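*Asks:* Questions regarding the structure given below will be posed in turn.
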Amino acid sequence: MTHLRYKLALGALLILTPLAALAQETLSSVQRELDRVERDTEREKELHKTERARAAEFEKQKNERLQALRDQGRLADARIDSLKQRMEVERRRRAAQRGLTAQYQARQAAFRKDLDREIQGIMAWLEQDFPYQKEQRLSEWRDLAVANREATVQVEEVLARVFGLIQGSLDFAFDSEAYPGTYTASTGAQHDGTYVRLGAVMMAFSSSDGKLQAYLAKTPTGYVWRDKDVSDAVAKSIAEAVRVAQGKEAPRLVALPVEVAAKGGAK
């Protein structure tokens, strides 16, 4: 009986040994699988943690950038508002300037008309003035009148030239000179000689051969040359004045004929 039990126990042991080994192998395999799953789980956790950190960092950067964009937008809006205000101020300033410009241009046009009127008056006076270089002086005033009417020069320059020409006329009226030239007598004959001028008061001529003397006289109708019926005393004084003006004789006072228009006739 005992022997039978031993055999049964031995048989059971022989049967259970492979089963135990198989069970052990299965447990080991299960453990390894559990370990792998745990490692995978940990790795997934780490990856998930990393992704969450990345997501959090991305969200942080996104928010920072969005805030920066909002700030830039507010600054841009403020600058746009400032520019709009400046544009409005500039628009008003330009509108005011246009009004001032229109007023200035109107005043300038009126001033040009006044200048033209004065220039025409001076030219009319020059027509009756001392005839020395009269055409040249008139030409300068005509050119200035055209430039003023056509507005080819600034008003300030026109005014400066007006004063300049007036000053030139004043200088001419107070200086004296002697210069060579040709005189056409009332008979039509031409004589070479010397002219002498004392400002805008007197002008005379003496021929080189001393045979003809003439002087400029102012009559009610304008200036005329006198070369007929010139007295010996007048002829002598003209010739003497020419020699003094040329430096051929010592400076001294010389009586010269001055004929001016008067209401009662020539004087």
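The values are calculated or read from the model by the stated rules, or taken from the named source; none is laboratory data. If you're wondering where the values come from, they're calculated on a predicted model, not measured in any experiment. Note that each Cβ is placed from the backbone with ideal geometry, even for glycine, and that neighbours are counted across all protein chains shown.
*Asks:* Given the criterion surrounded by 13 or more Cβ atoms within 10 Å (Cβ to Cβ), farther than 30 Å from Ala255 by Cβ, free of Cβ contacts under 8 Å to residues at least 12 places away in the same chain and not hydrophobic (A, V, I, L, M, F, W, C), identify the matching residue among Glu150, Glu140, Glu127, Glu157.
*Replies:* Numbers: Glu150 fails: surrounded by 13 or more Cβ atoms within 10 Å (Cβ to Cβ); Glu140 fails: free of Cβ contacts under 8 Å to residues at least 12 places away in the same chain; Glu127 fails: surrounded by 13 or more Cβ atoms within 10 Å (Cβ to Cβ).
Sole residue among the options that is surrounded by 13 or more Cβ atoms within 10 Å (Cβ to Cβ), farther than 30 Å from Ala255 by Cβ, free of Cβ contacts under 8 Å to residues at least 12 places away in the same chain and not hydrophobic (A, V, I, L, M, F, W, C): Glu157.
*Asks:* Please indicate, with yes or no, whether at least one residue in the range 150-173 is touching a Phe, Trp or Tyr at 6+ places or on another chain (Cβ under 7 Å), in a helix (DSSP H, G or I), aliphatic (A, V, I, L, M) and farther than 16 Å from Gln136 by Cβ.
*Replies:* Within the range 150-173, one or more residues are touching a Phe, Trp or Tyr at 6+ places or on another chain (Cβ under 7 Å), in a helix (DSSP H, G or I), aliphatic (A, V, I, L, M) and farther than 16 Å from Gln136 by Cβ.
*Asks:* Can you confirm whether Arg107 is part of a helix (DSSP H, G or I) and in contact (Cβ under 8 Å) with a residue 24 or more places away in the chain?
*Replies:* So Arg107 fails the test.
*Asks:* In this structure, does Gly193 turn out to be loosely packed, with under 11 Cβ neighbours inside 10 Å, at pLDDT 90 or above and over 30 Å from Gln108 (Cα atoms)?
*Replies:* Criteria not met by Gly193.
*Asks:* Moving on to the next point. Name the residue, out of Leu83, Leu115, Leu138, that is in a helix (DSSP H, G or I) and within 30 Å of Pro180 (Cα to Cα). Walk me through it before giving the result.
*Replies:* Numbers: Leu83 fails: within 30 Å of Pro180 (Cα to Cα); Leu115 fails: within 30 Å of Pro180 (Cα to Cα).
The unique qualifying residue is Leu138.
*Asks:* Between residues in the range 225-239 that are within 16 Å of Leu253 (Cα to Cα) and residues that are among the basic types (Lys, Arg) and modelled with pLDDT of 90 or more, which pairs lie under 9 Å by C-beta distance while being six or more apart or on different chains?
*Replies:* From residues that are within 16 Å of Leu253 (Cα to Cα), the pairs are Val234/Arg226.
*Asks:* Follow-up. Any residue in the range 194-202 that is part of a strand (DSSP E or B), hydrophobic (A, V, I, L, M, F, W, C) and in contact with a Leu (Cβ under 8 Å, 6 or more places away or on another chain)?
*Replies:* There is at least one residue in the range 194-202 that is part of a strand (DSSP E or B), hydrophobic (A, V, I, L, M, F, W, C) and in contact with a Leu (Cβ under 8 Å, 6 or more places away or on another chain).
*Asks:* Sticking with this one: Scan Ala68, Ala55, Ala96 and give me the residue that is more than 23 Å from the chain's Cα centre (by Cα) and at pLDDT below 80.
*Replies:* From the options Ala68, Ala55, Ala96, the qualifying one is Ala55.
*Asks:* Mind listing whichever residues of the range 221-251 are exposed (fewer than 13 other Cβ atoms within 10 Å of the Cβ) and not in a helix (DSSP H, G or I)?
*Replies:* Thr221, Gly222, Lys228, Asp229, Ser231, Gly247, Lys248, Ala250, Pro251 - these are the residues of the range 221-251 that are exposed (fewer than 13 other Cβ atoms within 10 Å of the Cβ) and not in a helix (DSSP H, G or I).
*Asks:* Tell me which residues, restricted to the range 210-231, are of a type in the set (Asp, Glu) and at pLDDT below 90.
*Replies:* The one that is of a type in the set (Asp, Glu) and at pLDDT below 90: Asp229.
*Asks:* Something else about it: Here are the criteria: (1) without any contact (Cβ under 8 Å) to a residue 40 or more places away in the chain; (2) part of a strand (DSSP E or B). Tell me which single one Ala217 does not satisfy.
*Replies:* Ala217 satisfies every listed condition except (1).
For (1) surrounded by 11 or more Cβ atoms within 10 Å (Cβ to Cβ); (2) touching a residue at least 24 places away in the same chain (Cβ under 8 Å); (3) more than 49 Å from the chain's Cα centre (by Cα); (4) within 21 Å of Val244 (Cβ to Cβ), each residue gets a yes or a no:
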residue	(1), (2), (3), (4)
Ile166	yes, yes, no, no
Tyr179	no, no, no, yes
Thr182	yes, no, yes, no
Ala200	yes, yes, no, yes
Leu212	yes, yes, yes, yes
